[in-house]
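Peer 1: Below are the structure tokens for one structure; questions will follow.
The values are calculated or read from the model by the stated rules, or taken from the named source; none is laboratory data. Computed from a predicted structure; not experimentally measured. Here the Cβ positions follow ideal geometry from the backbone for every residue, glycine too, while neighbour counts run over all protein chains shown.
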Amino acid sequence: MPTITRRTAIAGLAAATGAARLPAQPRATSTLRVASTWDFGAAANDAAVARFRSGGSLIDALEAGAKVPEADLTNHSVGKGGYPDRDGRVTLDAVIMDDKGHVGAVAAMEDIAHPISVARAVMERTPHTFLVGDGARQFALANGFTAEKLLTPEAEAEWRKWLKTSKYQPVANSENARAPLGGPLDHDTIGMIARAPNGELAGACTTSGMAFKLHGRVGDSPQVGSGLFVEAGVGAATATGLGEEVTRIAGTARVVSSLRAGMTPMNACREAVEHIARLRGSALDGVQVGFLAMDRNGQVGAFAILPGFTYAVTGDDGRSTVLPSASLRKG
């Protein structure tokens with residue numbers, strides 16, 4: 001009987017899932033590597049790189065990057081410009097995490113424009129990892145954040161238009177559908193993952209959640225292991241699309257587990273997508289879910305249910321390129 005070693009076990013797992021095993025230690029990137037979901041991730045990446053080059057930590061860089069779409073009033077899936085829930089209230093979710101087990105998150109928070117910064121404060125100033133609703137708002141105000149009205153005139157107009165029918169229909173890839181406005185949008189999220197030159201890993205995720213959602217709804221984005229997961233010496237992953245589908249399988253924890261088993265970033269993302277597809281069948285018709293992963297060497301890959309998911313990756317020159325993700329279905 002042949003001897004089963006860790007090496008042969010990993011190779012067998014990769015073969016069984018249709019994934020290729022990682023080459024023998026591909027060259028690690030020697031510069032900051034950042035990857036973000038969607039076209040608007042490029043601007044977030046640029047801000048992250050600039051903050052890191054100015055002497056900031058990896059967490060400083062991710063916070064700076066995430067704050068860019070949070071402040072963009074034309075971005076209706078993240079931050080202050082986000083669409084409200086069915087009651088006309090804008091509620092925001094965010095999470096930030098490093099590879100040392102430090103994590104902070106907020107969900108269903110109102111009146112605070114930068115939930116990523118509040119999430120970081122939860123991580124650094126409390127013994128907790130997750131604050132929600134009015135408790136998150138109270139914590140933010142007690143820690144120097146300023147309350148402001150988040151519902152913009154443009155978002156309010158779209159909400160009032162939606163009220164005429166109160167009909168909800170998911171629209172795949174809405175993060176990149178910046179104009180024309182008017183459709184009820186189900187998607188959310190910018191997810192960011194990064195690797196410092198010393199091998200440190202971290203990630204962040206921020207969203208205004210599903211447009212016209214039930215008040216109190218929280219998707220995958222702020223949940224560690226669903227919208228974001230980071231593990232030292234292994235990799236990081238983030239998710240986007242319809243959050244309910246990601247939470248059903250603890251999606252990013254699953255992706256990072258596959259990285260640990262030896263899969264490439266793209267194959268790890270593909271395995272998670274294929275699992276959702278098997279689990280949910282026709283319930284996924286017209287629904288988008290995408291995963292983005294980075295291994296410990298800074299190699300990046302993505303995979304989605306439907307075509308249209310894009311992601312932005314910084315190169316060794318510090319510039320970002322927007323790339324199309326591979327997909328399970330063709331349309």
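Peer 1: So which residues in the stretch 61-80 are touching a Phe, Trp or Tyr at 6+ places or on another chain (Cβ under 7 Å) and under 16 Å from Val49 (Cβ atoms)?
Peer 2: Ala61, Pro69
Peer 1: Where the second residue is part of a loop (DSSP other than H, G, I, E, B) and the first is on the phi > 0 side of the Ramachandran plot and lies in the stretch 275-296, which pairs have Cβ atoms under 9 Å and are six or more apart or on separate chains?
Peer 2: Matching pairs, first to second residue: Gly286/Gln169; Gly286/Pro170; Gly286/Val171; Gly286/Ala172; Gly286/Leu306.
Peer 1: Starting from residues that are outside any loop (DSSP other than H, G, I, E, B) and touching a Leu at 6+ places or on another chain (Cβ under 8 Å), keep the ones in the stretch 202-229 and report whichever is surrounded by the fewest Cβ atoms within 10 Å (Cβ to Cβ).
Peer 2: Narrowing the stretch 202-229 to residues outside any loop (DSSP other than H, G, I, E, B): 202-207, 224, 228-229.
If we keep only those that are touching a Leu at 6+ places or on another chain (Cβ under 8 Å) as well, we get 202-207.
Details: Ala202: 25, Gly203: 33, Ala204: 31, Cys205: 36, Thr206: 35, Thr207: 32.
Per the stated criteria, the residue is Ala202.
Peer 1: Check whether at least one residue in the stretch 167-183 is farther than 25 Å from Asp285 by Cβ, assigned to a loop (DSSP other than H, G, I, E, B) and at pLDDT 90 or above, and report yes or no.
Peer 2: no
Peer 1: Hey, another quick one. Could you check, for the stretch 250-267, whether at least one of its residues is free of Cβ contacts under 8 Å to residues at least 24 places away in the same chain and either of a type in the set (A, V, I, L, M, F, W, C) or in a strand (DSSP E or B) (or both)?
Peer 2: No, the stretch 250-267 has no match at all.
Peer 1: Can you give me the number of residues within the stretch 129-156 that are over 21 Å from the mean Cα position of the chain (by Cα) and either among the charged types (D, E, K, R) or closer than 14 Å to Ala105 by Cβ (or both)?
Peer 2: Adding up the residues that qualify gives 9.
Peer 1: Looking at (1) crowded, with 23+ Cβ neighbours inside 10 Å; (2) free of Cβ contacts under 8 Å to residues at least 60 places away in the same chain; (3) out of contact with any His (no Cβ under 9 Å at 6 or more places or on another chain), which is the one condition that is false for Gly243?
Peer 2: Only one criterion is unmet by Gly243, namely (3).
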